[in-house]
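Everything below concerns the one structure shown next.
What follows is calculated from the coordinates using simple rules that are stated; it is not laboratory data. This one's a predicted model, so the numbers in the text were calculated from it and none came from an experiment. Cβ placement follows ideal geometry from the backbone for every residue including glycine, while neighbour counts extend to all protein chains displayed.
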Amino acid sequence: MDLFATIPQNGDIRVKDWPLMQSVIPTVLIIVAYIFFIIFGRKWMKNKNAFELRDFMLVYNIVQVILCTYITYEATYVWIKERYSFTCQPIDFSKSETAMKACKACWWFYIMKLVDLTDTILFVLRKKDEQITFLHVYHHITMTFCGWSGSKYVGGGQYMSSDFLLRSHD
């Protein structure tokens, strides 16, 4: 049996018209801009005072909590309704209510990974350079691409289990 036989070659047709799902190019461009901002933002901030961003960070954190709560709610609804197996759950590519909720939860997970890039931008603007490690940047980049590919090809199923559950709070 071919492991990838059930994955659609051109992506999941349910998400083909959703924002940022037509191609990986917008995600690549966002990541390139993210890397450039880290490099050149740190140089730009070198002789400047750190920005005081308490109000923005309060709003940002509230938005993060709301997004995470929504994703967790939708995922939990699907897990309970479909009696999900956390060891091996096939993808339901139908347009049923729960299959679409799973698909939307995966897409919002991807959007949350894009929003998470703001963490590093805040570190740059607040001159918290010691927090901008290779591992930190690598994590944000890989999670963004995992979010995109999960939404594009496998919205639901096992994608909504282990890593999805663990990483919805990042």
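A few comments on the model shown:
- Potential extension, PHE37-LYS95 segment - 0.36 nm per residue separation minus Cα distance: 16.9 nm
- Estimated FRET transfer efficiency when R0 is 35 angstrom, pair SER149-PHE51 (beta carbons, to 0.05): 0.55
- Summed side-chain charge close to TRP44 - residues other than TRP44 whose Cβ falls under 13 Å, Lys, Arg +1, Asp, Glu -1: +4
- Listed pairs LYS16/LYS127; LYS104/LYS127; LYS43/LYS113; LYS101/LYS128 exceeding 28 Å between Cα atoms: LYS16/LYS127; LYS104/LYS127; LYS101/LYS128
- Linear extension gain, ASN10 paired with THR69, 0.36 nm per residue minus alpha-carbon span: 18.2 nm
- Using θ = phi - 60° and Karplus 6.51 cos²θ - 1.76 cosθ + 1.60, couplings along segment 99-110 (whole Hz; Gly, Pro as x): 5, 6, 4, 4, 4, 5, 4, 5, 5, 5, 4, 4
- By average C-beta atoms within 10 angstrom, highest first, the peptides 147-155, 95-103: 147-155, 95-103
- Spacing of the two label points (7 Å from each Cα toward its C-beta) at TYR60 and THR118, in nm: 0.7
- Cβ crowding within 10 Å averaged over residues, with 109-119, 124-134, 54-64, 72-82 ranked highest first: 109-119, 72-82, 124-134, 54-64
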